[in-house]
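Participant: Provided herewith is a single structure, encoded as structure tokens, for subsequent inquiry.
The values are calculated or read from the model by the stated rules, or taken from the named source; none is laboratory data. Quick caveat, the model's predicted, so the values are computed rather than measured. Please note: Cβ atoms are built from the backbone with ideal geometry, for glycine as well, and neighbour counts cover all protein chains shown. With ligands, DNA and RNA removed, areas are computed over all heavy atoms of the protein, side chains included. Shrake-Rupley method; radii C 1.70, N 1.55, O 1.52, S 1.80 Å.
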Amino acid sequence: MAKFFQTLEIAVALPVEGTFTYGVSKGLVQDVLPGKRVLVPFGNRRVTGFVLGPGIPIKEKALKPVIEVMDEAPIFSESMIPFFRWISEYYLHPLGETIRTGLPGGVTVSDQTTLTITDRGRELLAGGGLRTAARDLLQRLQHPVSIQRVVGRNAPAKNQALVRELEAGGYVRRQTQLAGGSARHLKERIAALSPPAPAAALSEPRKKIIAMLASQGPMPIRRLKEHVPTAPALIRAMEKDGQVLIHWQTVYRDPFGEPIPPDSPPALTDAQRAAVDTITARLPDGYAAFLLTGVTGSGKTEVYLHAAREALDLGKGTLVLVPEIALITEMERRFRARFGAHIAVLHSALTAGERFDQWMRVVRGEAKVVIGARSALFAPVTPLGLVVVDEEHDPSFKQETGLRYNARDMALVRAKLAGAVAVLGSATPSVQSFHNAQSGKFVEIQLPERIESRPMPAIEVVDLTAVRDLRGPQRYLTEPLRRAMAEALQRNEQVLLFLNRRGYSSFPVCGACGSPVTCRHCNIAMTFHQGQNVYRCHYCGYQRPSQSVCDACGAEAIRLLGLGTEKLEQTVQGLFPEARVARMDRDTTGRKGTILKLLRALRRREIDVLIGTQMVAKGHDFPNITLVGIVSADLSMNFPDFRAGERTFQLLAQVAGRAGRGDRPGRVVMQTYNPDHFCITAARDQDFRTFFTREIEFRRKLNYPPFARLLQLRFSGKEKGAVARTARQIGDRLRAAAGMLHSEVEVLGPIESPLSKIAGRFRWQLLVKGPGAAVLRQLVRRVLLAEDAPSDRRVRVSVDVDPVSML
């Protein structure tokens, strides 16, 4: 048995609770540091572990060894470990999985077992006479298939016995090997002159290569190939002849595209200067939290830029979080113009290699300012001086699968643990954040006016009840909006139309029996997409051809009711044939680079009318847009969610704020069926404080956040009865335990989820409401981790602390 010189605390990248102690042999002890990845045995497999620090003393016989150290240097700093522990504890998520979530994708490896048909199995398959299940499985195993996909939780129960039978007969075999680890350094060959200088008798291509290396120094062979097409083969021969030296060099994959010319900081308004001074005064002193509010177009980004410059001057880094990838493009452009090579970006639209390279630039201290969506929260910026959360109200900061963290909330934790300053910015702050400012947890900083004293847009509310009986486009493009569009286009100004529903028809129904066209795997109506000529489910991605008949009666007459951005685009093009119309939604921006291309065309005034979903409402600065048309202001008003009013107000106020951000005044036409609703009137008046005053009273009376904390349990599975039974059993246990634990804890439900079936899985949920998150987590741990806790392998139970989605 190997002699262990040290024990280590290691978190494994698996969904298991706790950490584990491993032994380190003498040969590896110098290479093991906190923040490095190691390969360790776990059960009967090898998995990736993350070194956290020294382990507890354990008898050597009980220790398992670290097999391999996978990194030359740590891929996250030791100072990040308390942050990972905090998130794991708060969100009731395994520590190893928490760390894996924070790291770039593709950095972990583990043993994967696959099943494959053997030659004997192929002979059996060719001979025929097999029962259907065996034949289908053997055909499926013509290529290696993960054993989890064959006999895992979601596979038919009979598969386990069938696999054992086929293995015993030698018809299939299982193999185990390390898989994963797709993210790694990119290396390329570099050529350099070999001293002494080569002899003169050389071919012309060799002379050209030597001349280039002499004048420009060592060069990548790919660049030499641009001038000498035969360079790769020639270089190998020249190396043998002692004329050049070749070595491998790590290179970064560039995600930025075209260069951005540097800019000069504009003169700040008095309010901006006061905001910058207030924030930067706290940078040397440690943690502080600010809520930066103000009207749309008041220059919050410039405040961020000045604060980041001050942090850099103090030798500290900055982390900037934005809610969506579409916004990163604009923010990245502004920061690159100011800080150049100091910038790194981290988001899911990057390739695995690009994301890994950006991460390593931050690890090495080459990039001190990181911009990204919610996952950039974990960027290894050290030392961290400033954390900015732009558009902090946006629900996109909440991760809805796996580790269900809220990046806005965790940004505050990250800043506090790092002794950094946190700035949450929004023209329409969340009710939670504004309440925190009023209660003294945050310091509010206001930017009350637009930069250059530009006026706020004039907002006209149009009552759609007056046109509900009309037919055709005039039902959703009313006469005031059409007239305003014609006037803006005549003045060569740009128009933005907002409709938060993509596709062509959002509610296709049978013309014979009235049944909706529903998804086969979800309890939801499908959307017709004319461009692809298909009905598509926006939840699971299922598609069916447009020629489909009604599932209920078999009729072919499907009526395309409801409105989406695709139909609106077609209508606008028909009404204004000379206008250049573009659409910005998930359907048109799915491919890499399309968002950047669209925004560039808008800036160059190559687009007259932009139609979009909520993607266009968030933080974009379109100086040439003077008219915003909100086609239907009520779409999110009646969701079964206590935050529906808040989200409606924020969305309307934000999209209205896109108008008039340049030299010309702006105008907004807001169409609604509820013109007197306080969310609509507050958005019309751009009056957040009036909205907050009304909304906070509803929350207080109903004891909803911010006056209470919520924890949601979600149950899903393919068998409806099993899901309902497990939900009820756990609900009963929670109610009984809550009565003994705390008198103010309520258990609401369980009930069927509003979206009761998604992707073939039936869904139930319950809410636990109480005075603090700690008592709610304690209650749920006590019930779910009890030895006799209700469980069913067919039912998946997930825990969501501080849930955002109620659907």
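Participant: Do we have any residue at all in segment 729-746 that's closer than 27 Å to Ser632 by Cα and surrounded by fewer than 21 Cβ atoms within 10 Å (Cβ to Cβ)? Spell out the reasoning first.
Facilitator: Restricting attention to segment 729-746, the residues satisfying the condition of being closer than 27 Å to Ser632 by Cα are none.
No, segment 729-746 contains no residue that is closer than 27 Å to Ser632 by Cα and surrounded by fewer than 21 Cβ atoms within 10 Å (Cβ to Cβ).
Participant: I'd like to check something: does segment 44-52 contain any residue that is open to solvent by 50 Å² or more (accessible area, probe 1.4 Å), within 19 Å of Met360 (Cα to Cα), within 33 Å of the chain's Cα centre (by Cα) and of a type outside the set (Asp, Glu)?
Facilitator: No - not one qualifying residue is present in segment 44-52.
Participant: Among the listed residues Glu123, Glu72, identify the single one that is of a type outside the set (Val, Ile, Thr), under 24 Å from Ala183 (Cα atoms) and free of Cβ contacts under 8 Å to residues at least 12 places away in the same chain.
Facilitator: Just one listed residue meets the conditions, Glu72.
Participant: For segment 268-291, enumerate the residues that are closer than 14 Å to Leu386 by Cα and outside any helix (DSSP H, G or I).
Facilitator: Ala281, Arg282, Leu283, Pro284, Asp285, Gly286, Tyr287, Ala288, Ala289, Phe290, Leu291
Participant: Can you pull out the residues in segment 492-516 that are outside any loop (DSSP other than H, G, I, E, B) and either farther than 25 Å from Leu651 by Cα or out of contact with any Phe, Trp or Tyr (no Cβ under 8 Å at 6 or more places or on another chain) (or both)?
Facilitator: Passing the criteria: Val495, Leu497, Phe498, Phe507, Pro508, Val509, Cys510, Pro516.
Participant: Could you count how many residues in segment 680-726 are more than 29 Å from Glu746 (Cα to Cα), not in a loop (DSSP other than H, G, I, E, B) and not charged (D, E, K, R)?
Facilitator: Of the residues in that region, 6 qualify.
Participant: Which one of these does Ile58 not meet: (1) at pLDDT 95 or above; (2) surrounded by fewer than 16 Cβ atoms within 10 Å (Cβ to Cβ)?
Facilitator: (1)
Participant: Residue by residue through segment 347-364, note down the ones that are among the β-branched types (Val, Ile, Thr) and outside any loop (DSSP other than H, G, I, E, B).
Facilitator: Matches in segment 347-364: Val362, Val363.
Residues are listed down the side, and each one gets a yes or a no for (1) exposed (fewer than 13 other Cβ atoms within 10 Å of the Cβ); (2) not in a strand (DSSP E or B):
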| residue | (1), (2) |
| --- | --- |
| Leu8 | no, no |
| Gly18 | yes, yes |
| Tyr22 | no, no |
| Val32 | no, yes |
| Val38 | no, no |
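Participant: Looking at segment 730-807, what strands (runs of 3 or more DSSP E) fall wholly within it and have at least 1 residues that are within 23 Å of Asn523 (Cα to Cα), within 28 Å of the chain's Cα centre (by Cα) and free of Cβ contacts under 8 Å to residues at least 60 places away in the same chain?
Facilitator: Those strands (runs of 3 or more DSSP E) span 746-758, 761-770.
Participant: Any residue that is free of Cβ contacts under 8 Å to residues at least 24 places away in the same chain and β-branched (Val, Ile, Thr) - is there at least one of those in segment 224-233?
Facilitator: yes
Participant: Quick check: anything in segment 649-668 touching a helix residue (DSSP H, G or I) at 6+ places or on another chain (Cβ under 7 Å), more than 30 Å from Val783 (Cα to Cα) and surrounded by fewer than 24 Cβ atoms within 10 Å (Cβ to Cβ)?
Facilitator: yes
Participant: With Ala367, Ala326, Ala344 as the choices, which residue is in contact with a helix residue (DSSP H, G or I) (Cβ under 8 Å, 6 or more places away or on another chain), small (Gly, Ala, Ser), part of a strand (DSSP E or B) and touching a residue at least 12 places away in the same chain (Cβ under 8 Å)?
Facilitator: Ala344
Participant: For segment 292-307, does any single residue satisfy the condition of being under 24 Å from the mean Cα position of the chain (by Cα), within 25 Å of Arg661 (Cα to Cα), in a helix (DSSP H, G or I) and of a type in the set (D, E, K, R)? Even if it seems obvious, please write down each step before you answer.
Facilitator: Let us first name the residues in segment 292-307 that are under 24 Å from the mean Cα position of the chain (by Cα), namely 292, 300-301, 304-305.
Filter once more, keeping what is within 25 Å of Arg661 (Cα to Cα): 292, 300-301, 304-305.
If we keep only those that are in a helix (DSSP H, G or I) as well, we get 300-301, 304-305.
So of that shortlist, the ones also of a type in the set (D, E, K, R) come out as 300.
Yes, segment 292-307 has at least one match.
Here's the yes/no breakdown for (1) of a type in the set (A, V, I, L, M); (2) touching a His at 6+ places or on another chain (Cβ under 6 Å); (3) over 23 Å from Asp111 (Cα atoms):
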{"site": "Ala157", "(1), (2), (3)": "yes, no, yes"}
{"site": "Leu166", "(1), (2), (3)": "yes, no, no"}
{"site": "Gly170", "(1), (2), (3)": "no, no, no"}
{"site": "Arg184", "(1), (2), (3)": "no, no, no"}
{"site": "Ala192", "(1), (2), (3)": "yes, no, yes"}
{"site": "Pro218", "(1), (2), (3)": "no, no, yes"}
{"site": "Leu224", "(1), (2), (3)": "yes, no, yes"}
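Participant: Next question. Could you say which residue among Gly23, Gly35, Gly27 is touching a Pro at 6+ places or on another chain (Cβ under 6 Å) and over 28 Å from Thr401 (Cβ atoms)? If you could, list the steps in order and put the result at the bottom.
Facilitator: Working: Gly35 fails: over 28 Å from Thr401 (Cβ atoms); Gly27 fails: touching a Pro at 6+ places or on another chain (Cβ under 6 Å).
After applying the criteria, what remains is Gly23.
Participant: May I ask you to say which residue of Phe762, Phe688, Phe715 is in contact with a helix residue (DSSP H, G or I) (Cβ under 8 Å, 6 or more places away or on another chain), within 20 Å of Leu403 (Cα to Cα), among the hydrophobic types (A, V, I, L, M, F, W, C) and crowded, with 18+ Cβ neighbours inside 10 Å? Walk me through how you get there before you give the answer.
Facilitator: On the way: Phe762 fails: within 20 Å of Leu403 (Cα to Cα); Phe688 fails: within 20 Å of Leu403 (Cα to Cα).
After applying the criteria, what remains is Phe715.
Participant: Counting residues that are farther than 27 Å from Phe20 by Cβ, which helices (runs of 4 or more DSSP H) fully inside segment 42-160 reach at least 1?
Facilitator: Passing ranges, in order: 119-127, 132-140, 147-151.
This table checks each residue for (1) without any contact (Cβ under 8 Å) to a residue 24 or more places away in the chain; (2) under 19 Å from Arg336 (Cβ atoms); (3) open to solvent by less than 20 Å² (accessible area, probe 1.4 Å); (4) over 26 Å from the mean Cα position of the chain (by Cα).
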| residue | (1), (2), (3), (4) |
| --- | --- |
| Gly257 | no, yes, no, no |
| Ile260 | no, yes, no, no |
| Pro266 | no, yes, no, yes |
| Ala275 | no, no, yes, yes |
| Thr278 | no, no, no, yes |
| Leu283 | no, no, yes, yes |
| Phe290 | no, no, yes, no |
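Participant: Give segment 444-458 a look and list any residue that's over 11 Å from Thr269 (Cα atoms), among the aliphatic types (A, V, I, L, M) and surrounded by 15 or more Cβ atoms within 10 Å (Cβ to Cβ), or say none.
Facilitator: Ile445, Met456
Participant: Now, a different point. Does Asn624 satisfy being open to solvent by 20 Å² or more (accessible area, probe 1.4 Å), more than 24 Å from the chain's Cα centre (by Cα) and free of Cβ contacts under 8 Å to residues at least 60 places away in the same chain?
Facilitator: no
Participant: What's the number of the only condition in (1) hydrophobic (A, V, I, L, M, F, W, C); (2) open to solvent by less than 30 Å² (accessible area, probe 1.4 Å); (3) in contact (Cβ under 8 Å) with a residue 12 or more places away in the chain that Ala155 fails to meet?
Facilitator: (3)
Participant: When the residues of segment 462-482 are filtered to those that are among the hydrophobic types (A, V, I, L, M, F, W, C), outside any helix (DSSP H, G or I) and touching a residue at least 40 places away in the same chain (Cβ under 8 Å), which remaining residue is least open to solvent (accessible area, probe 1.4 Å)?
Facilitator: Once the filter is applied, the top-ranked residue is Leu477.
Participant: Pick out the one residue from Phe528, Phe507, Phe498 that is hydrophobic (A, V, I, L, M, F, W, C) and in contact with a helix residue (DSSP H, G or I) (Cβ under 6 Å, 6 or more places away or on another chain). Outline the logic, then answer.
Facilitator: Values: Phe528 fails: in contact with a helix residue (DSSP H, G or I) (Cβ under 6 Å, 6 or more places away or on another chain); Phe507 fails: in contact with a helix residue (DSSP H, G or I) (Cβ under 6 Å, 6 or more places away or on another chain).
Exactly one residue qualifies, and that residue is Phe498.
Participant: Right, here's the next one. Tell me yes or no: at least one residue of segment 183-193 is out of contact with any Phe, Trp or Tyr (no Cβ under 9 Å at 6 or more places or on another chain) and open to solvent by less than 40 Å² (accessible area, probe 1.4 Å).
Facilitator: Checking segment 183-193: at least one residue is out of contact with any Phe, Trp or Tyr (no Cβ under 9 Å at 6 or more places or on another chain) and open to solvent by less than 40 Å² (accessible area, probe 1.4 Å).
Participant: Now for a different question. Of Gly629, Gly612, which residue is among the small types (Gly, Ala, Ser), in contact with an Asp or Glu (Cβ under 7 Å, 6 or more places away or on another chain) and open to solvent by less than 30 Å² (accessible area, probe 1.4 Å)?
Facilitator: Gly612
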